[in-house]
Protein chains: 2
Amino acid sequence: MSRSGAGKPTPNIAAVAQGEESPQVSDATLCGFIGYHMKRAFNVVQADLNQTLKPLGLRMVTYSALVLIVDNPGLRQSQLAAALDVERANLVVIVDELERRDLISRDRVPSDRRAYALNPTPAGRHLYERALEAVRGHEARMLNGMEEETKQVVIRAMSRIRRGSEGGSRGG
Amino acid sequence: MSRSGAGKPTPNIAAVAQGEESPQVSDATLCGFIGYHMKRAFNVVQADLNQTLKPLGLRMVTYSALVLIVDNPGLRQSQLAAALDVERANLVVIVDELERRDLISRDRVPSDRRAYALNPTPAGRHLYERALEAVRGHEARMLNGMEEETKQVVIRAMSRIRRGSEGGSRGG
DNA sequence: ATATAACTGTTGTTCTTTATAACTAATAAT
DNA sequence: ATTATTAGTTATAAAGAACAACAGTTATAT
């Protein structure tokens, strides 16, 4: 999960050696690509986020799912799968996990007896608040006082890259 | 590997439905976090990059490994593992793959008979050039005419996030 | 010199994630 | 009514990443 030693007791000897003792390995070519920087940065973010969520018993994907369910009560599993960009089949275990912990409930919808409406329980809403607070701290730690304007530029750039793969006739 | 339909013959029905037919699922809360935008954007980049490299018989990690070996001939596997941020054990199969395709060679180093010096073959250097050209096209496609200044801001922000997890006494 | 520790590459195993196919039940379409 | 499509589920396989343990080699300590 994490190679950055965010919460590890054992320091990564190889990483220390690479960073401070034998810095002769050049990644200059890869540094010419924005995707390389995105990957390296995202690895750090992901590792820290998972460490942040671990005390709450959440992973990145279960956290995202909980947020979307609280923000969109009555959501169907298909919609959630599409929003999370995971296969419906793989979403089942995620929803199972949230349901087993009584964070959400699967409620049958009368109009369509195939579908489940996903709704947060009071415990789910409570954990949602706690998780949100924790993730806000995580982001503040990651950004570490980055200027608001810079943040906005990054967000716009990321959105543009993401939407570039779609039709692209819709303005944002 | 890819859910964005970058090179798939079958259009993702769920994605279309989510994007154009039932846009009622709100991710406003998650959109408040830069990490969310990074993940979504990186998913798109990764999918397109893998599609780009597939005709060359490369994956993201084998491509990165090849680039680092060409740029740092004589590299040891430990160093490569540290640079790629993968376990030494897991790097073995990656190097195996590159060696089996005669893109690199494992040369024993006289001064330390434990270690292998990784060197690119002529075929490796040739594929390196081809891959680099393909990835340049991929990046141009992803960025799609993004202003140079914006790119630099993003790169600096990503570098800052990444280095924030280290000691942080070194300026860049 | 010898014993001990540390390092390099390797193998094997396990866990997790992701993708795929197939299935049941329910709705929609012809 | 028959057929096709959709929602959720199950099972399985493929791929990645984490971890432990090992042989061979080098470094260190006694």
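With label points set 7 Å from Cα along Cα→Cβ, the inter-copy distances at B:Gly145 are 3.9 nm, sorted shortest first. Couplings 3J(HN,Hα) for segment B:64-69, derived from phi with the Karplus relation 6.51 cos²θ - 1.76 cosθ + 1.60 (θ = phi - 60°), are 4, 4, 4, 4, 5, 5 Hz, where x marks Gly and Pro. Close amide H pairs (under 5 Å, H built 1.01 Å from N) link B:Ile104 with B:Glu99, B:Thr121, residues at least 5 positions away or on another chain.
Estimated at the nearest 10 Å², the accessible area of B:Asp71 is 50 Å² with a 1.4 Å probe. Taking label points 7 Å from Cα along the Cα-to-Cβ direction, B:Ala89 and B:Asp71 give a separation of 2.9 nm. Classify segment B:61-172 as rounded, prolate or oblate, taking a ≥ b ≥ c as the square roots of the eigenvalues of its Cα gyration tensor: rounded when a/c is under 1.5, otherwise prolate if a/b is larger than b/c and oblate if not. Oblate, because a/c is 1.5 or more while a/b does not exceed b/c. Accessible surface buried by the A/B pair amounts to about 5800 Å², both sides summed, 1.4 Å probe.
When the surface is traced with a 1.4 Å probe over the full set of protein chains, A:Met60 keeps roughly 30 Å² accessible.
Taking Lys and Arg as +1 and Asp and Glu as -1, the other residues whose beta-carbon sits under 15 Å from that of A:Leu98 total +1. Here the 3J(HN,Hα) profile of segment B:78-87, calculated from phi with Karplus coefficients 6.51, -1.76 and 1.60 at θ = phi - 60°, is 4, 5, 5, 4, 5, 5, 8, 6, 10, 5 Hz, Gly and Pro shown as x. The simple spin-label model puts a point 7 Å past each Cα toward its Cβ; for A:Arg136 and B:Arg108 those points are separated by 6.2 nm. In this structure B:Cys31 has an accessible area near 40 Å², from a 1.4 Å probe over the protein heavy atoms.
Backbone amide hydrogens, once placed in the peptide plane, bring B:Ala117 within less than 5 Å of B:Asp107, B:Arg108, B:Val109, excluding anything fewer than 5 places away on its chain. In this assembly of identical copies, the label point of A:Asn119 (Cα plus 7 Å along Cα-to-Cβ) is separated from its counterparts by 7.0 nm, sorted shortest first.
3J(HN,Hα) couplings calculated from phi for segment A:99-112 with the Karplus curve 6.51 cos²θ - 1.76 cosθ + 1.60 (θ = phi - 60°) are, in sequence order, 6, 4, 8, 6, 8, 9, 10, 9, 10, 5, 9, x, 6, 9 Hz; Gly and Pro show x.
The values are calculated or read from the model by the stated rules, or taken from the named source; none is laboratory data. This structure is a prediction, so every number in the text was calculated from the model and none was measured. Cβ coordinates were reconstructed from backbone atoms using ideal geometry, including for glycine residues, and neighbour counts include every protein chain displayed. These area figures cover heavy atoms from the full protein model, side chains too; ligands, DNA and RNA do not enter into them. Shrake-Rupley method; radii C 1.70, N 1.55, O 1.52, S 1.80 Å.
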